[in-house]
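Take a look at the structure set out below.
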Amino acid sequence: MSGSAPFQRVVLVHYHEIGLKGHNRQRFETRLLKNIESLASGFDVVTVHRLSGRLIVFLREGAVQAQAEACATFIARIPGVARTSCGFKCGRDIDQISAAAVDALGQAAPFASFKVAARRSHTDFEMDSMTMNKVVGAALCEAYPDARVRMKEMDVVVHVEVVQNSAFVSAFSIPGVGGLPVGSSGKLMALLSSGIDSPVALWQMAKRGAVCHAVHFSGAPETSDVSEYLVDDIAHVLEQTGCIRSVFTVELGGYQREISLSCPPSLRVILYRRLMLKVAERLASQVGAKGLITGESLGQVASQTLDNICCTDDAVAMPVLRPLIGTDKQDIISTAKMIGTYSISTEDAPDCCTLFMPRSPETHGKVAQVREAESQFPEEEWVERIVSEARLREYRQPK
Ligand code: ATP
Ligand code: MG
C-alpha cells in the first residue's frame, strides 16, 4: 500500500533524559520543540505540538510515507531525540485506531511478524491497553493473514497511544542520537581542525545541550588555506542538526615560525598548543562561552600524553573539556561516519599542526620548563593581535 491515507500523517518524537529533569522539563521540551520546528521546516512540517511526554510533528496533507520517513530520519539526528516514529493521528475510537493501524503497518518495511503495543495516557478511555492490543491485533491479522503475531523478535511493533482527544498509531521507528537539546547547557568554544576527532568532540558537547562556537587555526601564510574550506564544509554538516553557531578562523603560521626559530624544537608543539588555547579562551570570552573543547584522546599521539595535557591546560583558566579523552580511534571514526563529517575529515589538508613539526616532540613536558620557554615571546600581544584579526563565519542555529 502506498500514497496518501485518510488519516493525518505525523512523526512522533520520543525523548529520554528530558523526562528526568524534574522542574526543568518544560524548558527542555520547549527548547527541543523550537529546535525541531526550525531545523525540520523543509520537511513538509505544518506544526509541532507537545503532548504527554512526546512531541508530535504534523505533516502537511497529502504527504506520503517516503516523506514521513525522510522527516523521521532527519529528526532522529537532532540532539535530544531518543527515537522517532512515523504514523497517523486518528479519533479516539477503536475502529478508527484499528483502521489506522492497518494503514500504518501496510506502509512499514516488509514484515513477516508484528506485535501491537498499546497504551493510554488517559484512563478515561473505555478500553484498557491489553484489550486494545487484542482488538487491534485481530484487525491486523485479518488484513495481513500471512503475518504472524510474535511477542519477541518481531519485525514490526505497532504502537498505539491514546491521549486526551485523539489517538496515534505508528509502525516505523528510528533510534535517535539521544542527549539534550542544543541550547540547554550554556556556550562552549571548540578548537576545530579539519581532522576526524575535533568535529566529533564538538558534536558530543552539542549533544549534551551546549551551544558550540569554534575556532580554526590555519597554517597560513606558511601553508595553503585548504583546511579553512574543509572546516567550513564540516560546519555545514553540523549546521544541519543545529550543532554549530560560528567558526572563527585565524592564521597561526607566522607565529609558529617565530616559535620554531627560537625555542627548543621538542617543546614547539606544546607552545603552539598553549597559544591556540589562549586565543580560544579569549574568543570564548567574547561570545560568552565558559569552557573550551578539544578532540584529544589520551595517548593517541605524542602531544596527548598526560604530562603534555597538564602543560597545555596550564595556559588557560577556563575548563578544557575533552569528551573523547577515553575513546578509541575506531569508535571516534564510527561516530564521525554517523554524523557525516568523516569523508570531509579524511581529505588531506595542511593546517597549523603539520607546520614546523620537530623530529622528536617532547612527550613528558614540564610546566616550569614550558613556561620558561614561552616567556621569551610577547604572547599577550600576539593573542590580542590574532583575536583582532580573526575572521568570523556564522551558521544557522535555532534561536
Ligand atoms: P583532530 O582529528 O581533531 O585534528 P588530531 O588527532 O589531529 O585531532 P592533534 O593534532 O593532537 O590531534 O590535535 C588535538 C586537538 O587540538 C584537536 O582535536 C583540536 O581540538 C585541536 N586542534 C588541532 N589542530 C587544530 C587546528 N588547526 N585548528 C583548531 N584546533 C586544532
Ligand atoms: Mg588534526
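Of the residues 16, 215, 193, the one whose Cα sits farthest towards the positive end of the charge dipole of the chain is 16 (charges of +1 on Lys and Arg Cβ, -1 on Asp and Glu Cβ, taken about the Cα centre).
When the GluC sites (Glu not before Pro) in the range 116-166 are filtered for DSSP coil states and for at most 12 other beta-carbon atoms within 10 Å of their beta-carbon, the remaining sites are 126, 153.
Can you give the % of DSSP beta bridges in the chain that are antiparallel, to the nearest 5? In the chain, DSSP labels about 60 percent of beta bridges as antiparallel. Accessible area per residue for the range 75-147 is 42 Å², calculated with a 1.4 Å probe on protein heavy atoms, without ligands, DNA or RNA. Note on residue 381 and residue 307: with the Förster distance fixed at 35 Å, the Cβ-Cβ geometry gives a FRET efficiency of about 0.80.
Here the chain is treated as a sphere whose radius is the Kirkwood value from Cα pairs; by Stokes-Einstein at 4 °C and 1.567 mPa s it diffuses with a coefficient of 55 µm²/s.
When the Gaussian network model of the chain links Cα atoms closer than 10 Å, the mean-square fluctuations of 98, 218, 113 top out at 113. Number of Lys-Lys pairs in the chain with C-alpha atoms under 23 Å apart and a separation of 8 or more places or on different chains: 26.
The values are calculated or read from the model by the stated rules, or taken from the named source; none is laboratory data. Everything numeric in this text was worked out from a predicted model, so none of it was measured. All Cβ positions, even for glycine, are placed from backbone atoms using ideal geometry, and neighbour counts span all protein chains on display. Side chains are part of the model used for accessible areas, which takes the heavy atoms of the whole protein and leaves out ligands, DNA and RNA. Shrake-Rupley method; radii C 1.70, N 1.55, O 1.52, S 1.80 Å.
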